[in-house]
C-alpha cells in the first residue's frame, strides 16, 4: 500500500505538480527560459493537477445521479467557455436542449436556460414582425 492509495489532497497534488514542473523547466535547454516562463509553467501545471485531483476525489464519493449532474455541469461549462460562448448563447434550440437535459437531471440551471431560449425566440419573432412592417413600408 502506497501513500497515494488513500487519495491525495488536491492542494498537495497541485503543489507537487507545480514543483516538479518547475524543476523540469529549469533544466538545461537549447532555448533559454526566463524565470517568469518557468514560474508560469509550474503554476499552470499546479492548477491543472489541483482541478483534476479535486474532480477525481469528488467522483469517488458520488452516486451515479450525482455524477451525472457533475458531468452535466462540466459539459455546460465547456460549451459556454471560450469561443463556444458567443456561438451557442444565441441558439435557442441548443439552449433549450441543454436546459431540458439539465432539468431531467434535477439541475436548477436547466430552467434558466429554457427561459433564455424562450426570450431569444420572442425577440426573434418581434424582429421578424418589425422587418415585415418595414418591407411593407418600402413597397408603398
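Every number here is computed from the coordinates shown, using simple stated rules; none is lab data. Computed from a prediction, not measured in an experiment: that's the story for all the values here. Positions of Cβ are backbone-derived with ideal geometry, glycine not excepted, and every protein chain shown enters the neighbour counts.
Give the order of 20, 133 when sorted by the count of other beta carbons within 10 angstrom, beginning with the fewest. Before the final figure, lay out each step's value.
Working: 20 14, 133 9.
The order, fewest Cβ neighbours first, is 133, 20.
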Worksheet item: What is the extension gain from residue 121 to residue 101, computed as 0.36 nm multiplied by their sequence separation minus the C-alpha to C-alpha distance, in nm to one decimal?
Response: 5.3 nm
Fill in: Pair-distance profile P(r), taking every C-alpha pair of region 1-61, with 5 angstrom steps and integer %
4, 20, 21, 19, 14, 10, 7, 4, 1, 0
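Which order do 136, 69, 124 fall in if you start with the one that has the fewest other Cβ atoms within 10 Å?
On the way: 136 9, 69 16, 124 12.
So the ranking, lowest neighbour count to highest, is 136, 124, 69.
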